[in-house]
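Q: Can you keep this structure in mind? I'll have questions shortly.
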Amino acid sequence: MKSLQELEAIRNKTLNEIHMRNDRTEGIRIVVGMATCGIAAGARQVLNALVDEVKKRNLSQVTVAQTGCIGMCRLEPIVEVYMPGEEKVTYVKMSPEKVARVISEHIVNKKAIKEFTVGSAEQQDKEERE
Amino acid sequence: MNLVRSHVLVCGGTGCTSSGCEKLIKEFDVQLAKAGIDKEVKVVKTGCFGLCALGPIVIVYPEGAFYSMVKEENIEEIVNEHLLKGRIVTHLLYDESVHEGEEIKPLNEIDFYKKQMRIALRNCGVIDPENIDEYIAFDGYKALGKVLTEMTPEEVIAVVKESSLRGRGGAGFPTALKWEFAAKQPKGQKFVCCNADEGDPGAFMDRSILEGDPHCVIEAMTIAAYAIGSNQGYIYIRAEYPIAVNRLQKAINQAKEYGLLGDNIFGTDFSFDLEIRLGAGAFVCGEETALMTSIEGYRGEPRPRPPFPAVKGLWGVPTILNNVETYANIPQIILNGAEWFKGIGTEKSKGTKVFALGGKIHNTGLVEVPMGTTLREIVEEIGGGIPDGKKFKAAQTGGPSGGCIPTSLIDTPIDYDSLTKIGAMMGSGGLIVMDEDSCMVDIAKFFLEFTVDESCGKCAPCRIGTKRMLEILEKITSGNGTVEDIENLKDLANTIKSSALCGLGQTAPNPILSTLKYFEDEYMAHVVEKRCPAGACKDLLSYVIIADKCKGCTICAKNCPVNAISGEVKKPFVIDQDTCIKCGVCEGKCPFKAIVRQ
């Protein structure tokens, strides 16, 4: 170890790997529904894509977690985003491709993607039925 | 690409190791591979979480799910339900950690952790102690970097002095004063030593720090070396702590690899190296002069002071010796400043203290609280009270050198001076809780047996005196004591206290003096009435069958290991007192509660 910079570099690199051990981080929580229905619809790939993307962009304040069945099995894979001080946003029928957009537009630029949300999916259903 | 999304922290402290955490880790590896998620989930073996009574403990992040008393066969369920499908296995969680609505509480809201403040233990149970990168991630070696690049040795000592940190090994000597004495000695060879020879029965604070966060001790010793101008350090640790020794050695190797030990640390002209010295587990080697004699390769015996080690220590050169927990506070004081540290604790005792909570208490384990926390808070709130609805009788602090705190003083704030005032002592941090079934004379005898065993024999007051005191205690607990014996005991105790060579002998009478102070009536009951009020001294106890309650069912007679019980079926049985060995089996077996202790 020859300099403080070297120490800082190791610190930053490792911190990203273990920040999730902080209890209840203040930051953003992204939760993936990982019940049987979710897994069957491809939630695992979505989850991995999320973790991958968060890591790639060094988003140390973001926690990716999983949860059980959210209840709308037909709309799986479902991803919920909890931003501090805001209503949660529920994304449905997610895919690894959609994940990249959610991270860049919602998580980084703080703009939810309306067309992916459960509200817009229901609207679509309604229109189709009519 | 590394896709870790979940961390499984398994406690790898000595407590959880003995309750089988190694098997759990293996099983996790097997089950994770079977579920095909072994690349997504990282299993980390950490240091002690503190709640040893509930081990083995597993915490899963990011959810922070706290699983307690986990068995090998539970792993499959945790992997398949929680890690694969995201459904926390509620029935395996620690009860206290779940809200009524099945929502998980963050760890710091659980009763056990709520009143704690973790400075020395901050990384225990959080990082992988065998991975230096994780220590660095939580600000490890940052204090050392700051010290070496921004501060002079005098400034380091000034900060430690300003923080009012006192030695956590027992006596509470101001840490900065030792450093200052050593620093003021003429330039030349000096040594930095760490006392990890923790030996009191029931104490495991230092072991847990070394097992859970070995790098913090290495970092602090390097800072100390810079402050006094030393280039070589020794950690004296007992060989009975294999996990701690192993992790410490790994940590030293990693630090050397990174250049955090060795020559020209952080590109400065400061160099420092560190070695482990194993002790054979003699209690007297926790005394500073005996410890140094032992490092030198001689028989571990103390020598009179002065000269103090800061002037003439290891191999005759200036040496500082601090305890593990004392060192564990140093990096935090450097990083957060003396003012921050001074804001914690009481007027004369700053910071926190780690206690190993044991005995008749619900949450046996390791706790760290701010100085000034009352014994009641530790026992009732953090410790979860006394099991089986029994009453608190006393707490013993400071092990064989300390004393008892009775119920009447349960609201005493725990700090150096309050404890000394009531005849107990802080000690290194063993805290043994006793309930109404504990006999205070018996407790004093237990600690005396320990000191008699551990006395090195160099000075007469300790070698002969402690043995005589033990004989008197044996006489009293066997029912042959007299009132005069109690007077002799007091006399002997006070003489030994003022005449023994080292701390071991000087404090050996403390368990007797403090129990005599608060529980003299119990001693009197033993000598005058030949009765043990707590029912613990076997010689003063007899089991009898109450004829009215006995139905003559023969269960007691069948279970008696020495055939001391006889009688006719369906008629009251009798215990032959000469044959009875007072094992108490019959009392537990009797369905009619007809057998009582007298």
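The values are calculated or read from the model by the stated rules, or taken from the named source; none is laboratory data. Since the model is a prediction, treat every value here as computed from it, not as a measurement. Quick reminder, even Gly has a Cβ in these numbers, built from the backbone with ideal geometry, and neighbours come from all protein chains shown.
Yes/no per residue for (1) in contact with a helix residue (DSSP H, G or I) (Cβ under 7 Å, 6 or more places away or on another chain); (2) more than 12 Å from chain A (Cβ to nearest Cβ); (3) assigned to a strand (DSSP E or B):
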{"position": "B:Asn74", "(1), (2), (3)": "yes, yes, no"}
{"position": "B:His82", "(1), (2), (3)": "no, no, no"}
{"position": "B:Ile88", "(1), (2), (3)": "yes, no, no"}
{"position": "B:Gln116", "(1), (2), (3)": "yes, yes, no"}
{"position": "B:Asn123", "(1), (2), (3)": "yes, no, no"}
{"position": "B:Ile127", "(1), (2), (3)": "yes, no, no"}
{"position": "B:Glu134", "(1), (2), (3)": "yes, no, no"}
{"position": "B:Leu144", "(1), (2), (3)": "yes, no, no"}
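Q: Given the conditions (1) of a type outside the set (Ser, Thr, Tyr); (2) in a helix (DSSP H, G or I); (3) more than 25 Å from B:Gly505 (Cα to Cα); (4) touching an Asp or Glu at 6+ places or on another chain (Cβ under 9 Å), and given that B:Asp206 satisfies all but one, which numbered condition is not satisfied?
A: Unmet condition: (3).
Q: Within region B:530-544, work out how many residues are in contact (Cβ under 8 Å) with a residue 12 or more places away in the chain and in a loop (DSSP other than H, G, I, E, B).
A: Of the residues in region B:530-544, 9 are in contact (Cβ under 8 Å) with a residue 12 or more places away in the chain and in a loop (DSSP other than H, G, I, E, B).
Q: Looking only at region B:341-363, filter to residues that are among the β-branched types (Val, Ile, Thr) and under 30 Å from B:Lys391 (Cα atoms); which one of those is surrounded by the most Cβ atoms within 10 Å (Cβ to Cβ)?
A: Top of the filtered list is B:Val354.
Q: Just name the residue that is surrounded by the fewest Cβ atoms within 10 Å (Cβ to Cβ) out of those in region B:1-58 that are charged (D, E, K, R) and outside any helix (DSSP H, G or I).
A: By that ranking, first place goes to B:Lys39.
Q: From the residues in region B:33-56 that are more than 14 Å from chain A (Cβ to nearest Cβ) and modelled with pLDDT of 90 or more, which one is farthest from B:Ile243 (Cα to Cα)?
A: B:Lys34
Q: How about region B:251-277: which of its residues are within 32 Å of the chain's Cα centre (by Cα), within 26 Å of B:Met292 (Cβ to Cβ) and more than 10 Å from chain A (Cβ to nearest Cβ)?
A: Those that are within 32 Å of the chain's Cα centre (by Cα), within 26 Å of B:Met292 (Cβ to Cβ) and more than 10 Å from chain A (Cβ to nearest Cβ): B:Ala251, B:Ile252, B:Asn253, B:Lys256, B:Phe272, B:Asp273, B:Leu274, B:Glu275, B:Ile276, B:Arg277.
Q: Tell me which residues, restricted to region B:395-435, are at negative phi and assigned to a helix (DSSP H, G or I).
A: B:Pro400, B:Ser401, B:Thr407, B:Ser408, B:Leu409, B:Tyr416, B:Asp417, B:Ser418, B:Leu419, B:Thr420, B:Lys421
Q: Residue under question is A:Leu59, and the condition is that it be touching a residue at least 40 places away in the same chain (Cβ under 8 Å) and of a type outside the set (Val, Ile, Thr); does it hold?
A: The answer is yes for A:Leu59.
Q: Continuing with this model, one more query. When you scan region A:73-101, how many residues do you find that are part of a helix (DSSP H, G or I), of a type in the set (A, V, I, L, M) and closer than 24 Å to A:Lys56 by Cα?
A: Number of matching residues: 2.
Q: Go over the candidates B:Leu177, B:Leu165 one by one and state the one that is away from chain A (no Cβ under 11 Å), under 28 Å from the mean Cα position of the chain (by Cα) and surrounded by fewer than 19 Cβ atoms within 10 Å (Cβ to Cβ).
A: Only one candidate qualifies: B:Leu177.
Q: Also, I was wondering about something else. Kindly evaluate A:Val64 against the criterion of being in contact (Cβ under 8 Å) with a residue 12 or more places away in the chain, part of a strand (DSSP E or B), crowded, with 16+ Cβ neighbours inside 10 Å and within 14 Å of chain B (Cβ to nearest Cβ).
A: Against the criterion (in contact (Cβ under 8 Å) with a residue 12 or more places away in the chain, part of a strand (DSSP E or B), crowded, with 16+ Cβ neighbours inside 10 Å and within 14 Å of chain B (Cβ to nearest Cβ)), A:Val64 qualifies.
Q: If you take the residues in region A:13-24 that are free of Cβ contacts under 8 Å to residues at least 40 places away in the same chain and within 8 Å of chain B (Cβ to nearest Cβ), which one is farthest from B:Ile132 (Cα to Cα)?
A: Step by step, filter region A:13-24, then rank; the result is A:Arg24.
Q: Moving to a separate point now. Only one of B:Ala143, B:Ala224, B:Ala171 is closer than 29 Å to B:Ser401 by Cβ, surrounded by 19 or more Cβ atoms within 10 Å (Cβ to Cβ), aliphatic (A, V, I, L, M) and out of contact with any His (no Cβ under 6 Å at 6 or more places or on another chain). Can you tell me which?
A: B:Ala224
Q: Still on this structure, please answer the following. Kindly indicate which of A:Met34, A:Met1 is facing chain B (nearest Cβ under 8 Å) and free of Cβ contacts under 8 Å to residues at least 12 places away in the same chain.
A: Answer to the selection: A:Met1.
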